[in-house]
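Novice: Handing you this structure, nothing more for now.
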Amino acid sequence: MNEIINYFSSIPSSHRALILAGGIAFFWLIETAVPFVKFQYNKWQHAGINLFFTLTTIVVNFGLALLLLKTAQWTTENSFGILNWLPELNPWLFAIVGLLLLDLIGAYLAHLVEHKVKFLWRFHLIHHTDTWIDTTSANRHHPGESVIRFIFTTLGVLIVGCPMWLVFLYQTLSVLSTQFTHANISLPKKMDNFLSYFIVSPDMHKVHHHYVLPYTDSNYGNIFSVWDRLFGTFKTLDRDKLVYGVDTHMKSEENNKLSNLLSIPFQKYRSSNS
Ligand SMILES: [Zn+2]
Ligand SMILES: [Zn+2]
């Protein structure tokens, strides 16, 4: 455990970049070899848009990183936050509880609020406009949403009282987990179902990308599935019934054009048809 703590305390940016790029490459190869849905799409053009949004997400997170770092430092120095208020835990338990709490506050709750608050949905919507979900969709976030998510992550770190190594560990697991759940792959049904009792499985997150309510407003989980199961937001849908996208933006000239995707948050608000 000490090695893990030491490594993630000072994980070089180059390693983080390598994990991100390596993950995309790994799942890209698998989904090209054995795709779950045989999309009729230009995979490179589609990846171009999503990798642009991945890049803007990296820029936003890099630009604001100091704020996160200072927040984590402050909680440790002042013994602030849930982890610091709990009795002393063994390091493994400390890590698991910390990851679960960060997942709840910084990810699950943030995601739920993005769906419920109109102003935030305007930005998060861009993630949902993708009609071809593959591993590159994982970080398709409007730069505005990247800022919103950053604020929630920082709040999460503050409330949980997370040391920086745990934040870096969480973010690394989160990158790999979202690449896995968005990848255009299908696990054996039983295996997917089994996994979904512990972590967000590919089938579980794909339901979140079904184009109509109430499915869009379900399965908000990021790494762990327990929060959806606990708070009643867990839903299933047969694989053959899945249609990706969001009903308000199903035209390809709107959901597959970078300039339009960037301007969607500032366009007239559209209510869901369902
Ligand atoms: Zn969503
Ligand atoms: Zn998604």
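The numbers here are math on the coordinates, done by the rules we state, and not lab data. What you see is a predicted model, and the numbers here were worked out from it, not measured in a lab. Using ideal geometry, Cβ is built from the backbone for each residue, glycine included, and neighbour counts are taken over all protein chains shown.
Novice: Express in whole angstrom the spacing between the alpha-carbon centres of segment 16-62 and segment 192-270.
Specialist: Centre-to-centre (Cα) distance: 17 Å.
Novice: Placing +1 at every Lys and Arg Cβ and -1 at every Asp and Glu Cβ, with all other atoms neutral, what dipole size does the chain have around its Cα centre, in debye to the nearest 20?
Specialist: Numbers: 20 positive and 18 negative charges, 115 e Å.
Approximately 560 debye in magnitude.
Novice: In addition: 222 nm [θ] for the chain, helices only, -39500 (n - 2.57) per DSSP H run of 4+, per residue, to 500? Let's see the in-between values first.
Specialist: On the way: 14 runs with 165 residues, N = 274.
Counting only the DSSP helices, I get -18500 deg cm²/dmol.
Novice: Once you have the Cα-Cα distance between Lys189 and Val59, take 0.36 nm times their residue separation minus that, and quote the gain in nm to one decimal.
Specialist: Working: separation 130, 0.36 × 130 = 46.80 nm, distance 3.73 nm.
Residue separation times 0.36 nm, minus the Cα-Cα distance, leaves 43.1 nm.
Novice: In addition: Give the share of C-alpha pairs in each 5 angstrom bin for the chain, from 0 to the last occupied bin, in whole percents, shortest bins first.
Specialist: Here the calculated profile for the chain is 1, 6, 12, 17, 19, 18, 13, 8, 4, 2, 0, 0.
Novice: Additional query: Note the full-extension length gain between Ile96 and Asn84 as 0.36 nm times their separation in residues minus their Cα-Cα distance, in nm to one decimal.
Specialist: On the way: separation 12, 0.36 × 12 = 4.32 nm, distance 1.43 nm.
The span from Ile96 to Asn84 would gain 2.9 nm if fully extended.
Novice: Taking Cα atoms, how many degrees apart are the long axis of helix 13-33 and the longest axis of the chain, rounded to 10 and kept between 0 and 90?
Specialist: 30
Novice: Let me ask you something else. Considering the options Phe180, Trp121, Val200, tell which one lies farthest towards the positive end of the dipole of the chain, charges being +1 on Lys and Arg and -1 on Asp and Glu at the Cβ, about the Cα centre.
Specialist: Farthest towards the positive end: Trp121.
Novice: Anyone know which of Leu100, Leu213, Leu86 comes out most mobile in the 10 Å Cα GNM of the chain?
Specialist: Leu86
Novice: On to the next question. If R0 is 45 Å, what FRET efficiency do you get for Glu3 and Val34 from their C-beta distance, rounded to 0.05?
Specialist: 0.80
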